[in-house]
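The structure under discussion appears below in the form of structure tokens.
Read-outs throughout are calculated quantities, based only on the coordinates presented, and are distinct from any laboratory measurement. Keep in mind the model is a prediction, meaning the values are calculated, not measured. Because the Cβ atoms are built from the backbone with ideal geometry, glycine has one as well, and the counts that use them run over all protein chains shown.
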Amino acid sequence: MKIAIILTAVVLAGCASKPLPPDWQANAKGALDASVDDYLKGHTAAAASEFREARAETAATGRLDRVAQVELVRCAAQAASLVFEDCPGYAALAADATPAQRAYAAYLAGQWEGLDLALLPEQHRAVVGGGALDKIEDPLSRLVAAGALFKAGRMTPPGIELAADTASNQGWRRPLLAWLGVQEQRAKAAGDTVAAEQIRRRMALVSGQ
């Protein structure tokens, strides 16, 4: 019994010696994760509210680079959904962003000329180097890479299909509609009216029409 008590005391002492992360980190991460999830599902109002919370929690640190990172996460979710709006929230902080953050922003914008690949996350580094999308296991990272490829003008028909399938499998309404729209345009351009009509039916189903 004495040994058990001593061991418990040691464990508790060890736990107590490790400081807990500050509240803002957990709050910001939770809100940002929820914002991205709601954005991809097409819940615009909820996503905006959660993003404001994540940004406010991070802004409390007074660190411009940390807030820039929050903005970049939103930019990435938009790129996955083929929404390219120059990320004004990040642009206002770009001067104080880290080199890695600036490289990632350029990657999302399709500005790959002269890009320092060493500054990018590994999976995106491989994409710029010609790697296949299907090698990226994380669904969101795959869609972000697909969006960057599309913006850079390097997307392939199999990649478009993979992006649509990825969004479909995750139930992410916003990117799915975007990628189905690309497929519809391609079918119309090819004169494939049957395929275009089928895609339109899928889009109507997804959008609740």
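For region 105-209, state which trypsin sites (Lys or Arg not before Pro) are in a DSSP loop and have at most 16 other beta carbons lying within 10 Å of their beta carbon.
Arg154
For region 100-209, with only Lys/Arg (+1) and Asp/Glu (-1) charged at the beta-carbon, what is the dipole magnitude about the Cα centre, in debye rounded to 20? Walk me through the numbers on the way to the answer.
Values: 13 positive and 11 negative charges, 69 e Å.
Charge dipole of region 100-209: 340 debye, to the nearest 20.
Run lengths n ≥ 4 of DSSP H only: what is the helix-derived mean residue ellipticity at 222 nm for the chain, with -39500 (n - 2.57) per run over all residues, to the nearest 500?
Counting only the DSSP helices, I get -22500 deg cm²/dmol.
Expected output is a single nm value to one decimal: the length gained when fully extending between Asp116 and Asp96, i.e. 0.36 nm times separation in residues minus the C-alpha distance. What is it?
The Asp116-Asp96 span can extend by a further 5.4 nm.
Each residue of region 194-208 in turn: what ³J(HN,Hα) in whole Hz from Karplus with 6.51, -1.76, 1.60 and θ = phi - 60°, glycine and Pro shown as x?
5, 5, 4, 5, 4, 5, 4, 5, 4, 5, 5, 5, 5, 7, x
Just to be sure I understand: with springs between alpha-carbon atoms less than 10 Å apart, which residue in Leu82, Leu119, Leu133 has the highest mean-square fluctuation in the Gaussian network model of the chain?
Among Leu82, Leu119, Leu133, the largest mean-square fluctuation in the Gaussian network model of the chain belongs to Leu119.
If exposed means no more than 13 neighbouring beta carbons inside 10 Å and the site is in a DSSP loop, what's the longest run of the chain without any exposed GluC sites (Glu not before Pro)?
Longest stretch, sites excluded: 1-84.
Relative to the Cα centre, what is the charge dipole magnitude of the chain, using +1 at the beta carbon of each Lys and Arg, -1 at the beta carbon of each Asp and Glu, and rounding to the nearest 20 debye?
Numbers: 22 positive and 23 negative charges, 46 e Å.
Magnitude of the dipole: close to 220 debye.
Separation of region 26-49 and region 111-175 by C-alpha centroid, Å?
For region 26-49 versus region 111-175, the Cα centre distance is 21 Å.
Could you list the chymotrypsin sites (Phe, Trp or Tyr not before Pro) in region 28-118 that lie in coil according to DSSP, counting only those with at most 16 other Cβ atoms within 10 Å of their Cβ?
Numbers: sites: Tyr39, Phe51, Phe84, Tyr90, Tyr104, Tyr107, Trp112; in loops: Phe84, Trp112.
Hits after loop and neighbour filter: Phe84.
Please list, in order along region 101-111, the HN-Hα scalar couplings obtained from phi with the Karplus expression 6.51 cos²θ - 1.76 cosθ + 1.60 (θ = phi - 60°), rounded to whole Hz, x for Gly and Pro.
Result, ordered by residue: 5, 5, 5, 5, 4, 5, 4, 4, 7, x, 8 Hz.
Take peptides 174-180, 30-36 and line them up by average Cβ neighbours within 10 Å, highest first, as a rough protection proxy.
Most protected by this proxy first, the peptides run 174-180, 30-36.
Of the listed values [x] 29; [y] 21; [z] 36, grab the one calculated as percent of Cα pairs over 29 Å apart from the structure here.
Evaluating percent of Cα pairs over 29 Å apart on these atoms matches [z].
I want to verify the translational diffusion coefficient of region 60-180 in µm²/s; compute it with Stokes-Einstein, Rh as the Kirkwood radius over Cα pairs, at 10 °C and 1.306 mPa s.
110 µm²/s
For the Cα atoms of the chain, what angle does the longest principal axis make with the long axis of helix 64-80, in degrees from 0 to 90, nearest 10?
The answer is roughly 30 degrees.
Please name whichever of Gly191, Gly171, Pro158 sits farthest to the positive end of the charge dipole of region 151-206, dipole taken about the Cα centre and charges placed at Cβ: Lys and Arg +1, Asp and Glu -1.
Highest projection toward the positive end goes to Gly171.
Give me a comma-separated list of calculated 3J(HN,Hα) values for region 168-183, in order, Karplus coefficients 6.51, -1.76, 1.60 applied at θ = phi - 60°, integers in Hz, x for any Gly or Pro.
4, 5, 8, x, 8, 4, 5, x, 4, 4, 5, 6, 5, x, 5, 5
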